[in-house]
1. Could you give me the residue pairs with C-beta distances under 7 Å whose first residue belongs to segment 256-274 and is crowded, with 22+ Cβ neighbours inside 10 Å, whose second residue is in a loop (DSSP other than H, G, I, E, B) and of a type in the set (Phe, Trp, Tyr) wherever it lies, and which are 6+ apart or on separate chains?
2. Regarding Pro97, is this residue in a loop (DSSP other than H, G, I, E, B), assigned by TED's automatic domain parsing to the domain that holds Gln139 and at pLDDT below 90?
3. Go through segment 294-319 and count every residue that is surrounded by fewer than 18 Cβ atoms within 10 Å (Cβ to Cβ) and more than 28 Å from Arg95 (Cβ to Cβ).
4. Which of the strands (runs of 3 or more DSSP E) found entirely inside segment 197-316 contain at least 1 residues meeting this: aliphatic (A, V, I, L, M) and out of contact with any Leu (no Cβ under 7 Å at 6 or more places or on another chain)?
5. Can you tell me which residue within segment 219-255, out of those that are basic (Lys, Arg), in contact (Cβ under 8 Å) with a residue 12 or more places away in the chain and more than 20 Å from Ala132 (Cα to Cα), is surrounded by the most Cβ atoms within 10 Å (Cβ to Cβ)?
Amino acid sequence: MRRALLALLVVGAALAAAACSSTSNEALNRSLSPLPRTPPATNAARSTTAPDTTCNPVESFAPDGATTGPGLDKIRSNGVLVVGVDQGTTGWGYRDPHTGELKGLEIDLLKKIAGTILGDESKIKFKTVTTAQRIAAVQRGDVDMVASLLTATCARWEGVDFSTVYYDAHQDVMVNQNSGIDSVDDLAGRTVCATRGSTSIVNIAARVPKAVLYPVDTRSDCLVALQEGEVDAITSDDTILRSFQAQERVPHTKLLGTISEGEHEPYAIAIERGNEDLVRFVNGVLDQMREDRTLEQLYVKWLGPENAPATPPEATYGR
């Protein structure tokens, strides 16, 4: 009962915050839709093609010092940087329940990019996107770029370009402390929630083929499903799962650890293909933020000293 009430309070706060904002919010509306009482089809996600491992997904385009080009000129002509973000992950991209304002590490990162391109960090327009919408929003030109805990993979490079990596996460699993689940292998035969369009749902299907998959549209749906007892576990990036734990205030969950040795989730900014000038420019901004330690400051500010990496991932160039 307490968990159910907590879930309703979380959702209610999100709705109230959205009412304070003028931003059109399809993602929030979808997240408020009631979850099914029984798990949806469990095998659909297993047919997803595994990412190609023949390329280096963290390798991007080197900055060249240019300040003009098709991508940059379009943004300046429009007078605003349009970005896709998450709005439900504490510390990364979320709405302040008191003001409705978007806050978080990725929000500050995108504001920095907007300020460097347009000379004013306020010249930015946020559009919230679900996990499955992120790549499509860039491809359709709905946004100039997306920063939403998005992992750069070789498969995704086929559809969009990526900046260098600004954070290196890993996939984890969250369960209730009294679940009897102590390792990833214990997930066989258990119901595991993950978002559609994520690397997490592909990875867990490969790692634990006998797990029963419960795909959802938004990350918060998984939290509600766990609280309501609809699923046994959530798998996602450790960053997202720690955000869930922070929302709960009274911890009653635990993380199992990285799902497999060497697995990692490198976060990068997705940009529409054909705009290499914009990718190179963004990489220049990220280089400057590494050099002046702005990225490190954002880690501490939004993730806390206990979760902040000592240093940002190094930039890798070569495309």
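1. Qualifying pairs under 7 Å: Tyr267/Tyr166; Ala268/Tyr166.
2. yes
3. 7
4. 212-216
5. Arg242
Residue-wise test of (1) farther than 23 Å from Thr90 by Cα; (2) within 15 Å of the chain's Cα centre (by Cα); (3) assigned by TED's automatic domain parsing to the domain that holds Glu306.
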| site | (1), (2), (3) |
| --- | --- |
| Gln227 | no, no, no |
| Ala233 | no, no, no |
| Ser236 | no, yes, no |
| Ile240 | no, yes, no |
| Phe244 | no, yes, no |
| Glu272 | yes, no, yes |
| Glu276 | yes, no, yes |
| Arg280 | yes, no, yes |
| Val285 | yes, no, yes |
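The values are calculated or read from the model by the stated rules, or taken from the named source; none is laboratory data. Note that this is a predicted model, so its numbers are computed, not measured. Note: ideal-geometry Cβ built from the backbone for every residue, glycine included; neighbour counts use all protein chains shown.
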